There are 2 protein chains.
Amino acid sequence: MGKLERHATIADVAALAGVSVGTASKALNGRGSLREETRMRVREAARQLSFEANAGARSLHSGRTYTVGMITTDTIGRFSIPVLMGAEDALGAGEMSVFLCDGRDDPIREQYYVKTLLSRRVDGMIVTGRRTEARAPIGANLPVPVVYAFISSADPGDCSVVPDEAGGARKAVEHLLAVGRTRIAHITGPEHHNSARVRAAAATERLAEDGLSLVAPPLFGGWSEVWGRQAVGILLAGRTEFDAVFCGSDQIARGVCDALRAAGRRVPQDVALIGFDNWDVMTEACQPPLTSIDLDLEGLGRSAAQMLLAAINGSPSPGRHAHPCRLVVRESTVRESTTVPLP
Amino acid sequence: MGKLERHATIADVAALAGVSVGTASKALNGRGSLREETRMRVREAARQLSFEANAGARSLHSGRTYTVGMITTDTIGRFSIPVLMGAEDALGAGEMSVFLCDGRDDPIREQYYVKTLLSRRVDGMIVTGRRTEARAPIGANLPVPVVYAFISSADPGDCSVVPDEAGGARKAVEHLLAVGRTRIAHITGPEHHNSARVRAAAATERLAEDGLSLVAPPLFGGWSEVWGRQAVGILLAGRTEFDAVFCGSDQIARGVCDALRAAGRRVPQDVALIGFDNWDVMTEACQPPLTSIDLDLEGLGRSAAQMLLAAINGSPSPGRHAHPCRLVVRESTVRESTTVPLP
């Protein structure tokens, strides 16, 4: 890139310093905690690229800022909000604004929002939504870059950042194995839902690697507490012995927990219990508090926004990028007094 | 208004026909269920104002549409989302788009979004948020109209649409009285939270109208299930006799329900239980399903957007407008087999 051809962007500075766009932004704005060495390296890169003057000009009232349109394909809710927050956090207030638009599973509304956002001169778009099946691209030959977050585009040339759900399910099973459980049942959402199938398959596969299998075929049903309670009834009626239940969502796990207690089974002493989503409303109210898998949706949104900013600045990241899940251990798998050999 | 001065807007048509902007829109677009007489009256008004041609021009690709910026002062969540959806529903897709921006309780971020939205040529703004205390106006002499929804502006000249929380609390108490309960306890959120104080005061006042009082002073705590469970312990330890509990939120009520069952008290036979918010995650999973007060946030958002559209078209509605709450009866106050004399 010739320095005289265009002004250096923050992505140029980040690339030269060998850090992410978000880190470069933090270093230049004095926000966040960074190692002093990193801060110095970014500042030196900015100096080399004559970025200082630009940065001064990017004030609240003028200068280059990013405006990003985020379209949810289905209803806005507890899955899209953290993605939005993470995307906003990729840069700070005053450097990026995100407009959220609610597509509501309505292709006409979605296309209307694409047109409106373009007419409002956004620099790029993030498409998000709850379903994890690949979807058709939101448009052909759009004049701005698009990144898919949480959901993915069916076009492999598009950039998609998706949660590593299979990896999350593997972590759940590995944790149950690590706390000494081997007779594991799986209760999850509807079989037609991609997430339910992917998680069940990954759990089965991980157990097979240790020469084990689920104690019963996965119980597919709904994502609700009510289904969790019903499924425990099915398990107990089948007289299947089990010492752990991996649930496809925290709501299911909450229902399972209540039904187990009602049946006189103690969690975690008799049955270790793990959910999925790490939704605080469920994990905190559960008795005992629920171990869960966190999709790290904020991290995913941050990553998607950084890829979008890089694409805006000429460095796209085509393809499907899997964002890792995290295990969050609470008392439903580990008694407070117990020391557990974590893997 | 002289017909030659400007093009007639849908608000003009609505005013002439004596209907809301939303109804006028539905009538002209053939959507929704309306009485044929209403539809005819709106069409006649449109004809008189030469609105027909305009309406034809307002296609997906051109013509007058409304773009509204919605700023949440605190984090986007289960209170702001229905307000957004209601606002979007005030007109249809292709006639209004709403950009949602997340202020996160950060005044700098909020001001930044105001500037960004104005620079993106929005026609008006809706300010929303979870706290029900009046807040400072979002800006002085803004070039577009602003409506506050759910929250309210401290400036009485601003337009605010707020839930009638006191009315909702009164409806809760009236329902408990109607199903024959007189020894009512109240468990709610933190006392420093405006909603908790307003609801407690209204419940107390409504009981006093029947010569009754709460069986114990309101138990202020947190909005969580855990607090609901703890508060039942406090009530039982105090040996206070009670036959009903009015809770300040559904989460609290869920915790109360679980703790009552654990203590051997049957809901609703021994204790009738009512929550607040009508949050399906809680009301449906509760055993038995929970009676609650619905803030009708979608209706509130719709109303706010209609007032905003009217203001954009020259007819502002200054002042504080209370939007009524609704009682939703489920089994936690009424046994399935019982016939109840509703008021």
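For the pair A:ALA154 and A:GLU205, the difference between a 0.36 nm per residue extended length and the Cα-Cα distance amounts to 15.8 nm. For the range B:165-294, a simple Cβ point-charge model (Lys and Arg +1, Asp and Glu -1, everything else neutral) yields a dipole of about 360 debye relative to the Cα centre.
If R0 is 45 Å, the Cβ-Cβ spacing of A:ARG121 and B:GLU37 corresponds to a FRET efficiency of close to 0.50. The modelled label-to-label distance between A:ARG320 and A:GLN269, using points 7 Å beyond Cα along the C-beta direction, is 4.5 nm. Taking trypsin sites (Lys or Arg not before Pro) in DSSP loop states with no more than 13 other Cβ atoms inside 10 Å as exposed sites, chain B has its longest site-free stretch at B:122-238.
Against the empirical 2.2 N^0.38 Å (N residues), the range B:79-207 has a Cα radius of gyration ratio of 1.30. Once the chain from A:ASP106 to A:GLU174 is taken as fully extended at 0.36 nm per residue, the excess over their C-alpha distance is 20.5 nm. Screening chain B for whole DSSP H helices of 20 Å or more along their axis (Cα) with average Kyte-Doolittle hydropathy at least -1.0 returns B:194-209, B:297-312. With both labels modelled 7 Å from their Cα along Cα-to-Cβ, the A:ARG239 to A:LEU142 distance reads 5.8 nm. Sorted from closest to farthest, the other copies place their A:GLU241 label points 5.2 nm away, with each point set 7 Å from Cα along Cα→Cβ.
Annotation: the residues B:TYR112, A:TYR113, sorted from fewest to most other C-beta atoms within 10 Å of their own C-beta, follow the order B:TYR112, A:TYR113. Across chain B, C-alpha contacts under 8 Å between residues 6 or more apart give a mean separation that, scaled by the residue count, equals a relative contact order of 18 percent. Extension gain, A:VAL328 to A:ASP280: 0.36 nm times the residue separation minus the Cα-Cα distance gives 16.2 nm. Under the combined filter of DSSP loop state and at most 10 neighbouring Cβ atoms within 10 Å, the range A:257-343 retains these GluC sites (Glu not before Pro): A:GLU336. Panel order for A:PHE150, A:PHE220, by other beta carbons found within 10 Å of each beta carbon, from fewest to most: A:PHE220, A:PHE150.
Of the GluC sites (Glu not before Pro) found in the range A:187-232, not one falls in a DSSP loop while having at most 10 other beta-carbon atoms within 10 Å.
Taking a temperature of 25 °C and a viscosity of 0.890 mPa s, what whole-number D in µm²/s does Stokes-Einstein yield for the protein assembly as shown with Rh from Kirkwood over alpha carbon pairs? Answer from the Stokes-Einstein relation: 89 µm²/s.
At q = 0.11, 0.19, 0.20, 0.22 Å⁻¹, work out log10 I(q)/I(0) for the range A:165-294 with the Debye formula, treating every Cα as an identical point scatterer and leaving solvent out; two decimals please. One equal scatterer on each Cα of the range A:165-294 leads to -0.30, -0.98, -1.11, -1.39. When both bridge partners sit in the protein assembly as shown, DSSP labels roughly 10% of those beta bridges antiparallel. Take A:LYS115, push a point 7 Å out from Cα through the beta-carbon direction, and compare it with the same point in every other copy: 3.2 nm, smallest first. Cβ crowding within 10 Å ranks B:SER80, A:SER315 as A:SER315, B:SER80, fewest other Cβ atoms first.
Applying 1/(1 + (r/R0)^6) with r as the Cβ-Cβ distance of A:ALA262 and A:ARG47 and R0 = 41 angstrom yields a FRET efficiency of 0.05. A simple charge model with +1 on the Cβ of Lys and Arg, -1 on the Cβ of Asp and Glu and nothing else charged puts the dipole of the protein assembly as shown at about 640 debye relative to its Cα centre. Would you mind estimating how fast chain B diffuses translationally, via Stokes-Einstein at 20 °C and 1.002 mPa s with the Kirkwood radius over Cα pairs, in µm²/s? Roughly 98 µm²/s, to the nearest whole number. The charge dipole of the range A:167-220, taken about its Cα centre with unit charges on the Cβ atoms of Lys, Arg (+1), Asp and Glu (-1) only, comes to about 120 debye.
Within the P(r) computed for the range A:179-243, what percentage of the Cα pairs occupies the region above 16 Å? Roughly 48 percent, once rounded to a whole number.
Counted over chain A, the DSSP beta bridges are approximately 10% antiparallel.
So what is the diffusion coefficient of the range B:139-222 in µm² per second by Stokes-Einstein at 10 °C and 1.306 mPa s, using a Kirkwood Rh over Cα pairs? Taking Rh from Cα pairs, D becomes 108 µm²/s. With the label put 7 angstrom out from Cα along the Cα-to-Cβ vector, B:VAL329 ends up 5.1 nm from the copy partners, going from closest to farthest.
None of the figures in this text is laboratory data; all of them are computed from the coordinates on show. Being a predicted model, the structure only gives us computed values, none of them experimental. Please note: Cβ atoms are built from the backbone with ideal geometry, for glycine as well, and neighbour counts cover all protein chains shown.
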